[in-house]
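Read the figures in this text as sums done on the coordinates, not as results from a lab. Model, not experiment: these values are computed from the prediction. Positions of Cβ are generated from backbone atoms using ideal geometry, with glycine treated the same way; all protein chains shown enter the neighbour counts.
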Amino acid sequence: MFAEERQELILLKLKSFGRVFAKELAEEFQVSIDTIRRDLTSMEENRLLKRTHGVAVPLSKVRRFPMDDRIYTVITNSLIIAGKLQHHSNIKTYIVCGKVKSEEGIVDPLATEFMRTLRLDTAFS
């Protein structure tokens, strides 16, 4: 089976099931997992799907927020991130107060206490 044929079948499976697993595709098409990965990579480059950890999903299921259409407030302990965000007019950037540590950003009890006072919609580290 040619790559184009496999990719067409993968798209049909995505439409039917909402996601596909690389390992299952390799077994079904009797090809190596590397062959499937190359297929999925090619399809992702052509904006046909999105790959994540052995799973592929249609782009329609990927959550998208156009950066320029929304106003964001970012609170960070990283001077590097704050520096990169300063050029975006739709992003208000705040830096956590506290002692600057060389590679970790601003990390100390004062920074931790400051973060506890905030009400955030989304947080990650």
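Residues of the range 1-33 with the amide nitrogen closer than 12 Å to a label point 7 Å from the Cα of GLU44, along Cα-to-Cβ, please.
22
Let me know the longest stretch in the chain that avoids all chymotrypsin sites (Phe, Trp or Tyr not before Pro) found in a DSSP loop with at most 16 other C-beta atoms within 10 Å.
Numbers: sites that count: PHE2, PHE124.
Between exposed loop sites, the widest span is 3-123.
DSSP loop (so not H, G, I, E, B), at most 11 other Cβ within 10 Å: list which trypsin sites (Lys or Arg not before Pro) in the range 73-115 pass both filters.
Details: sites: LYS84, LYS92, LYS99, LYS101; in loops: LYS99.
For trypsin sites (Lys or Arg not before Pro) across the range 73-115 that sit outside H, G, I, E and B with at most 11 neighbouring Cβ atoms in 10 Å, the list reads LYS99.
Would you mind telling me which residue in SER102, SER32, SER89 has the biggest mean-square fluctuation in a Gaussian network model of the chain, where springs connect alpha carbons within a distance under 10 angstrom?
SER102
Tell me which lysines have Cα within less than 25 Å of LYS23's Cα, excluding those fewer than 8 residues away on the same chain?
LYS13, LYS15, LYS50, LYS61
Would you mind working out the magnitude of the charge dipole of the range 1-94 relative to its Cα centre, with +1 at each Lys and Arg C-beta and -1 at each Asp and Glu C-beta, to the nearest 20 Debye? Walk me through the intermediate numbers first.
Details: 16 positive and 12 negative charges, 111 e Å.
My answer is approximately 540 debye.
With θ set to phi - 60°, apply the Karplus curve 6.51 cos²θ - 1.76 cosθ + 1.60 along the range 105-119 and write out the HN-Hα couplings as whole Hz, x wherever there is a Gly or Pro.
Per-residue couplings from phi come out as x, 9, 9, 6, x, 5, 5, 4, 5, 4, 5, 5, 7, 8, 10 Hz.
How about LYS84: which lysines have a C-alpha closer than 24 Å to its C-alpha, ignoring those fewer than 8 places off in the same chain?
Once the sequence-local lysines are set aside, what remains near LYS84 is LYS92, LYS99, LYS101.
Using +1 on the beta carbon of Lys and Arg, -1 on that of Asp and Glu, and nothing else charged, what's the dipole of the range 67-116 about the Cα centre, debye to 20? Display every interim value, and only then the final one.
Values: 6 positive and 6 negative charges, 16 e Å.
Dipole of the range 67-116, to the nearest 20 debye: 80 debye.
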